[in-house]
């Protein structure tokens, strides 16, 4: 079983070292995470279950990041509870993301589209990164209010700015690989959840 180090995976290189750890854990827990990822792809377009599906994926990833060996029975258990707060988290994140996109389209008609794009793109990247950290941050906290989870996600990002840049670049690399090898798209959600859970756990080893 992969050994999850307790020291933080600091700096730019930490983002890439965490990919290696997540890859080892993915090999050990490939089938459950693959099934959970496929279920996520099925549920994601359905707003009423996209939140619980995301929560299920991160619960499994958190267990794997803690060194537990997953089995298929844990998938069903990972769907129990948390329906309300996970749905609120997902809807709130989507509303803000859509707000950024719609405002960018609106203002691009009135001012320079290049200027709007240069402002909107960093906001979308930042909000997307917050989305990656939102659920695992919530799972490491007693309170599951959206504001509390949002603060936890922002703290994770701000505390490691160099690592966050590494996360952005690694995310683009992972996505490009999945586009180049389309079959990998099926495991993509599970691997992302596992990777971020490893990063979160390195800062919260307890």
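The values are calculated or read from the model by the stated rules, or taken from the named source; none is laboratory data. What you are looking at is a predicted structure, and each value in this text was computed from that prediction instead of being measured. All Cβ positions, even for glycine, are placed from backbone atoms using ideal geometry, and neighbour counts span all protein chains on display.
Table for the structure above
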{"item": "Residue match in the stretch 57-66 (condition: touching a residue at least 24 places away in the same chain (Cβ under 8 Å) and part of a loop (DSSP other than H, G, I, E, B))", "result": "yes"}
{"item": "Residue among 81, 131, 166, 99 that is crowded, with 17+ Cβ neighbours inside 10 Å and without any contact (Cβ under 8 Å) to a residue 40 or more places away in the chain", "result": "131"}
{"item": "Residue 122 without any contact (Cβ under 8 Å) to a residue 60 or more places away in the chain, loosely packed, with under 13 Cβ neighbours inside 10 Å and closer than 21 Å to residue 15 by Cα", "result": "yes"}
{"item": "Residue match in the stretch 8-21 (condition: at pLDDT 80 or above, within 12 Å of residue 189 (Cα to Cα), surrounded by 13 or more Cβ atoms within 10 Å (Cβ to Cβ) and touching a helix residue (DSSP H, G or I) at 6+ places or on another chain (Cβ under 8 Å))", "result": "no"}
{"item": "Leading residue by the ranking (surrounded by the most Cβ atoms within 10 Å (Cβ to Cβ)) among those in the stretch 67-78 that are touching a residue at least 40 places away in the same chain (Cβ under 8 Å) and farther than 14 Å from residue 194 by Cα", "result": "78"}
{"item": "Breaking point among (1) over 18 Å from residue 189 (Cβ atoms); (2) in a helix (DSSP H, G or I), for residue 51", "result": "(1)"}
{"item": "Per-region count, the stretch 35-48, residues farther than 10 Å from residue 189 by Cβ and surrounded by 15 or more Cβ atoms within 10 Å (Cβ to Cβ)", "result": "2"}
{"item": "Cross-chain or 6+ apart pairs with Cβ under 7 Å, the stretch 139-159 first and part of a helix (DSSP H, G or I), then modelled with pLDDT of 90 or more and surrounded by fewer than 17 Cβ atoms within 10 Å (Cβ to Cβ)", "result": "146/88; 146/92"}
